[in-house]
Every structure is written in C-alpha cells, then in structure tokens.
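For reference, the structure discussed in these notes is given below.
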Amino acid sequence: MTIHNLYIFDRSGRCLFYSEWHRRRGPGIPQEEEFKLMFGMLFSLRSFVAKMSPTDMRDGFVSFHTSRYRLHYLETPSGLRLALNTDLGVPSAREALQHIYGNLFVELVVKNPLCPPRAPVQSLLFRQRLDAFVRSLPYFGPRGANS
C-alpha cells in the first residue's frame, strides 16, 4: 500500500498546500492547472453526491476509486478540503485526514501568527510534521515494482 499525494484547498479553490510521496508520474500539465482540475472535480463530485444520494449525506462523500487509485476526501466546517490519493489497498484514510487537519493544520498553521490566513502554507514545521506523520502510517510504503 502506498500514499501518492495530498492536496489542501481553501473554500474558494486555492491550493494552500500540496505534497507528494510515491507519485509515479506527473499529470503532464502545469501544476496550477492540475490544482484547478482537482478542485473542480472535488466540487462537482460533492455536488453530485449530495443531489443523487437516496439518504441523508451528513458526511458528504468521503472517497472514490478508479482502477488505479483511491481518493480520500475530508471537508471541514470552514470549507477547507483535503484530498489524499493512495493506492487501492487503503480502505479508508478518514482518521489520517482528520489528524492532518485537527492536529497538524490547525495547530501549526491556523494558530500560528506567522502564517497569514488563507495564504499558501509556508510553514517548514507543518511540512516536517506532516511528512513524519504520513511516513508513520502503516500504508505509507511503496508497493512492489510489479504493482
């Protein structure tokens, strides 16, 4: 099992933070375009799921998967959107996303007077603690070369 990358968007679609670990190939487009496409997809999926669900969608959508990867999603009450891409072997990264938001982002970015609100995250401490946390997850490591 492995983790490919993480996006953190604000409510208006600006990518506040991006990091990657085991991403095998790039998107083939400029990074800003990738961010716009990812946010647009998240926005559309959230809207689609809310409209099409036959039951109450208290949590909205929390993940989806393709034949190659799974996207895990968390939206906070303030509208922050976290998206973590993993391989298909990771059934749920909900707790990890909640930890990243509550214990890392809020504590090291939101409560940090040196981090301007709604600005891209420049905190080296946040980046280091996030990297250490992600590397500590049981599903962090890359899969074999044949997968």
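The values are calculated or read from the model by the stated rules, or taken from the named source; none is laboratory data. As the structure is a prediction and not an experimental result, all values here were calculated from the model. Every residue, glycine among them, receives a Cβ derived from its backbone with ideal geometry; neighbour counts consider all protein chains shown. Heavy atoms of the whole protein, side chains included, go into the accessibility calculation; ligands, DNA and RNA do not. Shrake-Rupley method; radii C 1.70, N 1.55, O 1.52, S 1.80 Å.
What to note about this one:
- In angstrom, the C-alpha Rg and Dmax of region 6-68 are 13.6, 39.
- Taking Cα centre as origin and charging only the Cβ of basic (Lys, Arg, +1) and acidic (Asp, Glu, -1) residues, the dipole magnitude of the chain rounds to 120 debye.
- Inter-part distance, region 10-70 to region 82-119, computed on C-alpha centroids, equals 15 Å.
- Accessible-area composition of region 3-63, carbon plus sulfur, in percent [1.4 Å probe]: 54
- Two-site FRET efficiency, M52 against R14, from Cβ-Cβ distance with R₀ of 30 Å, rounded to 0.05: 0.65
- The loop-placed trypsin sites (Lys or Arg not before Pro) in region 73-114, going by DSSP, that have at most 15 neighbouring Cβ atoms within 10 Å of their Cβ come out as K111.
- Averaged per residue, region 66-147 has 57 square angstrom of accessible surface, using a 1.4 angstrom probe with ligands and nucleic acids left out.
- The convex hull drawn around the Cα atoms of region 57-102, when projected onto a plane and averaged over every direction, covers 3.3 nm².
- Accessible heavy-atom area order of F35, F64, highest first, probe of 1.4 Å: F64, F35
- Computing Rg and the Kirkwood Rh from the Cα coordinates of the chain gives a ratio, Rg/Rh, of 0.95.
- Computed [θ] at 222 nm, helices only, for the chain once each DSSP H run of length n ≥ 4 contributes -39500 (n - 2.57): -9000 deg cm²/dmol
- Accessible surface, region 6-56, averaged per residue in Å² (probe 1.4 Å): 66
- Potential extension, V110-M1 segment - 0.36 nm per residue separation minus Cα distance: 36.1 nm
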